[in-house]
1. Quick check on A:Asp624: is it more than 9 Å from chain B (Cβ to nearest Cβ), free of Cβ contacts under 8 Å to residues at least 12 places away in the same chain, not hydrophobic (A, V, I, L, M, F, W, C) and not in a strand (DSSP E or B)?
2. Would you list the strands (runs of 3 or more DSSP E) that sit entirely within segment A:102-217 and hold 3 or more residues that are open to solvent by less than 20 Å² (accessible area, probe 1.4 Å)?
3. Among the residues of segment A:366-387 satisfying the criterion of being more than 19 Å from A:Leu299 (Cα to Cα) and within 33 Å of the chain's Cα centre (by Cα), which is surrounded by the fewest Cβ atoms within 10 Å (Cβ to Cβ)?
4. Report, ordered by the first and then the second residue, all pairs with beta carbons closer than 7 Å, sequence separation of six or more or different chains, a first member in segment A:296-310 that is of a type in the set (A, V, I, L, M, F, W, C), and a second member that is in a loop (DSSP other than H, G, I, E, B).
5. Which residue, of A:Val832, A:Val828, is part of a helix (DSSP H, G or I) and open to solvent by 20 Å² or more (accessible area, probe 1.4 Å)?
6. For B:Asp248, all conditions in the list (1) at pLDDT below 95; (2) at the interface with chain A (Cβ under 8 Å from one of its Cβ atoms) hold save one; what is the number of the exception?
7. Considering each of B:Cys305, B:Cys316 in turn, give the residue that is assigned to a loop (DSSP other than H, G, I, E, B) and either open to solvent by less than 40 Å² (accessible area, probe 1.4 Å) or polar (S, T, N, Q) (or both).
Amino acid sequence: MRVPLSWLREYVDLPATATGRDVQEKLIAVGLEVETVERLGEGLKGPLVVGQVLTIEELEGFKKPIRFCTVDVGQANGTGEPQEIVCGARNFSVGDKVVVVLPGAVLPGDFKIAARKTYGKTSHGMICSGDELGMGDDGTHGIIVLPPEYEVGTDAIALLELVDEVLDIAVTPDRGYCLSMRGVARETATAYGLPLRDPALLDVPPPNAGGYPVQVSDPMGCGRFTARTVAGLEPEARTPLWLQRRLQKAGMRPVSLAVDITNYVMLELGQPLHAYDRTTVSGPIGVRRATPGEQLTTLDGTKRVLDAADLVITDDRGPIGLAGVMGGANTEIAAAAADPETGRLRGTTDVVIEAAHFDALSIARTARRHKLSSEAAKRFERGVDPEAASAAAQRAVDLLVLLAGGTAEEGVTEIVTPSGPRTITVSADHPDKVAGVAYGRETVVRRLQQVGCDVYGQDELVVTVPSWRPDLSEPNDLAEEVIRLEGYENLPSTLPLPPAGRGLTERQRLHRRVGRALAGAGYVEALNYPFTGSHVLDQLGIEQDDPRRAAVTLVNPLSDEEPDLRTTLVPGLLGALRRNYGRGTHDLALFETGPVFRASGDEKPASRLVVDRRPTDDEIASLDASLPQQPRRAAVVLAGGREQAGWWGEGRPANWADAIEAGRTVAREAGVELIVRQDQHAPFHPGRCAALLALVDGEEVLVGNAGELHPRVTKAMSLPERTCAMEIDLDRLERAGTGPLRAPKISAFPVATQDVALVVDDSVPAAEVESALREGAGELLESLRLFDVFTGEQLGAGKKSLAYALRFRAADRTLTAEEASAARDAAVATAVERTGAVLRG
Amino acid sequence: MSAPNKSYDPVEVEALKPEEIAARLDEALAAIAAADDLEALREVKVAHTGDRSPLALANREIGALPPHAKADAGKRVGQARGRVNQALKARQEELEAERDARVLVEEAVDVTLPYDRTPAGARHPLTTFMERVADVFVAMGYEVAEGPEVEAEWFNFDALNFVPDHPARQMQDTFFVQGNGTEGDESGVVLRTHTSPVQARTLVDREPPVYVVCPGRVYRTDELDATHSPVFHQIELLAVDEGLTMADLKGTLDHMVRALFGPDMKTRLRPNYFPFTEPSAEMDMVCYVCRGESVGNPDRPCRTCSSEGWIELGGCGMVNPKVLIACGVDPEKYSGFAFGFGIDRMLMFRHNVEDMRDMFEGDVRFTRPFGMEI
């Protein structure tokens, strides 16, 4: 809502010195979000005067038609001589009154005016357009042509009310009444402690039977309908400047007098009005729900197919308006136009004014259904004061009589569905309890009365809320009114004492640890958007029946390319990797932790549960069952160097082993020792892919995959060669966690070290050799480490040699050489038996 | 020296004469002083303290003396040998120190050499900042609650008093999830538009008193630009207990901004509207960058607060009793307060992040300097 300060002063006697910023501050304190204060005409300096065009000479030979004019500006130029002005606009003729800015003046935007040579003439000033004066464009892009009654030489700064301040207020949904000058004025009056001149306090004639016939067949949708008629409007009547200017400052464009008046009254009182050309309405006006398939062309020229829930205004022929949202084109007020035969102006002479009150929800649904947001709908959705309808109709009638020379007809139609006043019972100290402040009953009552409530009672107050505040329905609503008017800034600051808490859960600590461990291992966290599309899975070479294809899809994605939510973290990370690479960072290690989303395919729609009680456990379970799985994952991607070359020696490229190690790093934080197996799984290189498994309740469970990406994938996604990745499921890892660690027993007896080298077939996984050695070595084995892998001609093709260091130690004695050797031999024997290993040299 | 014993027939032993001993001593001391490295000193040591050194030989002669002369001569030789050993030791230390100094100089390195062998990793500042905010409340006894990002509309809207078709529901530009069945079927599922559904989940799950914070990721249909992102982060706070007031809310906010931004920070509440709180307020804090000094000071404009002096942090208020009812909490017995605010914006002004996009593009140059904690 844009509120011109000059207009606001009409209802509240603000201090003469109060600036827009002062008012802004006061209104913010009582809860109106005044976003900006626009200073109109800032820096504007005259002379800016009314002139009359005396002569027009068309200049030829330029790219566009140019006029050289003489303009009478009276004594404003000091000489009384005609002012010579070059002008590019064409929407005026000799004799027209125009706005002239003279040399020495400054227009908004620090536009200094001086005599200057142009198009071979000297222009002593300028004939102004609305834009140039900061009035907003009137849609014609031409200069302003004033009504003829203004005197030549009159100061146009005052005439056009060019200097003003406009408050722009973002009205919250509960404050519908502040979508009017009346509402904002009420808040301003309260904020300043000044009386309000309520513009809705008008003398309104009582309803009678002589008004325009109206039939409301849906009183739930339309609780009130006032119809008034004004006849004999003069087609040549124009919207006066002051009214035009108020509309412009409030952000609306002047159209024609009758329409401007309905808009003006809406801005003033908050009641949307509609004016029908009576000659085009056939028979009684009706209000009903549309029949499905009915059609209506609205004022914006769009033909709309109506829904059975749409509330419509009708006449004998069918719908003539979408109630409370937009009128129909077939009963539109006709703009005045010259009759081709007589040359006389013709236009709408008789109008029916509608001031109705429609159900907020119904209007909101219709506006949304037809994607049609109008000033009227915006107000009805937020609640309009039903008691203001007849005053608004009266105000429109008065203005039509005053400005358009019309005659108010005596008939007054008013259809009202009776509804009692709304009352709330609240204990007088309720606001005190909510705020934590002792306001006392007297203050509470006074503040509620300022809001417009009637208050009765002592300890228990019976509060009748004003008709313009449909948002006030609960005791806390009244508490808010008291507290905001007493000032949120005066609330004390106290700290409650929560019961002792338990700190973070194990799961929360795990998530933090995983992040720290990966960062500690050199990975940089990236937070990627979860939006993706199936083309990404195609690039990754993921099969059509892969569970990663079971994506959650959005109805309204930002991009049609990415309608799905991620089912894996890897693509997002690869995108970030590619972006970094493109920006010149080539050694990259990135990680992300977060949920992925997996649709099971049989989620039922989530029900709209009631809100007047807690849902049952079954109802909550059914809501949860309607949601996709959202397991939490961790993933890394790597490319380029894992270690850099430098004065210390060579660098080392990142490889599949780093990716798998990242998996182990994550798993260790969960207290899980991973089992690593050879695997073949998109998007990985078929020979360089590991399955990561963990024991959950004694069963091996797949928790992730790691390795080098398939060369086809790196090519398809324009990634660096040998890019590696790992992804692991944190929820599964959490289940595999073994609880508190038992401390190891440390033996102080000396260690016995034995090395063995075993030759096995290439196809034998090192992990199998290792587990065989461990098992064979028995209890004395303290640790075992693979320190070399060797292949070469001596071994023969298809063979590899694995060299292990075994460390033996007993808890209770120094091992003899024989004992250590025996343990080693046992280890080797098991490996030989299990893996076909041969002990080397 | 004892007085000469006239009754004794002295045996003249040349080597034990005082002047002889003194001469040997001087020779030894001179040789020690002349030794200019440890090797030379070792030779000197052998020559002057070894078995065949003059003083050692002299010492052997003592046995040939008559008893009354032995003590005298022994004392003389002993003192001389003592001084030689002392001098040797001193010189030894001197030479070792010289050698050490020389070798350690030779071993010196340029410690200013860089060592960026394994580049450091880092956590994202949004992650660590959310943890930091959460920790402020955990220290006060609050617990951290969590909820799903893909959420039922009932939790995201209905339970929080967002009436269907009410304009408030349209204020939040929502991503809707497609239903399973035929096209157009409403799933009743959305990407959560705020962290507030966790309030409802918590109240449905737990008996009051409830004191929780819920940090997390949320979604609105905004295109990414310098100040907006379709994916952003919030932290939500909910306290439900007997007798909680707006003053408690104000105190909790004050504590939070002081813990995060410094002891001289202040908050301001302005009336506002949210369906799930009543009364509701917008919460501002003094501009972290200009501390309010840009207000009315055109020479020192502040981009962070647009020279308003205050920064909007988020919404708050007393939990609407309708929310308590929908979650099964008795509003006659309990009251509560809640607030929620955008972590991303807070991070932006706390760390002078000028473009929202920097936080979501995953550029390591942005994230790495933030390290493990902020």
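1. Details: more than 9 Å from chain B (Cβ to nearest Cβ): no; free of Cβ contacts under 8 Å to residues at least 12 places away in the same chain: yes; not hydrophobic (A, V, I, L, M, F, W, C): yes; not in a strand (DSSP E or B): yes.
No.
2. Working: elements: A:116-118, A:121-123, A:164-170, A:214-216.
Output list reads A:164-170.
3. We begin by selecting, within segment A:366-387, every residue more than 19 Å from A:Leu299 (Cα to Cα); these are A:381-387.
If we keep only those that are within 33 Å of the chain's Cα centre (by Cα) as well, we get A:381-386.
Working: A:Glu381: 27, A:Arg382: 25, A:Gly383: 22, A:Val384: 32, A:Asp385: 25, A:Pro386: 19.
The residue in question is A:Pro386.
4. These pairs meet every condition: A:Leu296/A:Leu306; A:Leu299/A:Glu332; A:Val305/A:Gly293; A:Leu306/A:Ala290; A:Leu306/A:Glu294; A:Ala308/A:Ala290; A:Ala308/A:Thr291; A:Ala308/A:Pro292.
5. Details: A:Val828 fails: open to solvent by 20 Å² or more (accessible area, probe 1.4 Å).
Of A:Val832, A:Val828, the one residue that is part of a helix (DSSP H, G or I) and open to solvent by 20 Å² or more (accessible area, probe 1.4 Å) is A:Val832.
6. For B:Asp248, the exception is condition (1).
7. B:Cys305
This table checks each residue for (1) within 12 Å of another protein chain (Cβ to nearest Cβ); (2) touching a residue at least 24 places away in the same chain (Cβ under 8 Å); (3) touching a helix residue (DSSP H, G or I) at 6+ places or on another chain (Cβ under 6 Å).
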{"site": "B:Lys70", "(1), (2), (3)": "no, no, yes"}
{"site": "B:Lys89", "(1), (2), (3)": "no, no, no"}
{"site": "B:Glu94", "(1), (2), (3)": "no, no, no"}
{"site": "B:Val103", "(1), (2), (3)": "no, no, no"}
{"site": "B:Ala120", "(1), (2), (3)": "yes, yes, no"}
{"site": "B:Arg123", "(1), (2), (3)": "yes, yes, yes"}
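The values are calculated or read from the model by the stated rules, or taken from the named source; none is laboratory data. This is a predicted model, so every value here is computed, not measured. Heads up, the Cβs are rebuilt from the backbone with ideal geometry, glycines too, and the neighbour counts pull from every protein chain shown. Heads up: the accessible areas ignore ligands, DNA and RNA and are worked out on the full protein's heavy atoms, side chains in. Shrake-Rupley method; radii C 1.70, N 1.55, O 1.52, S 1.80 Å.
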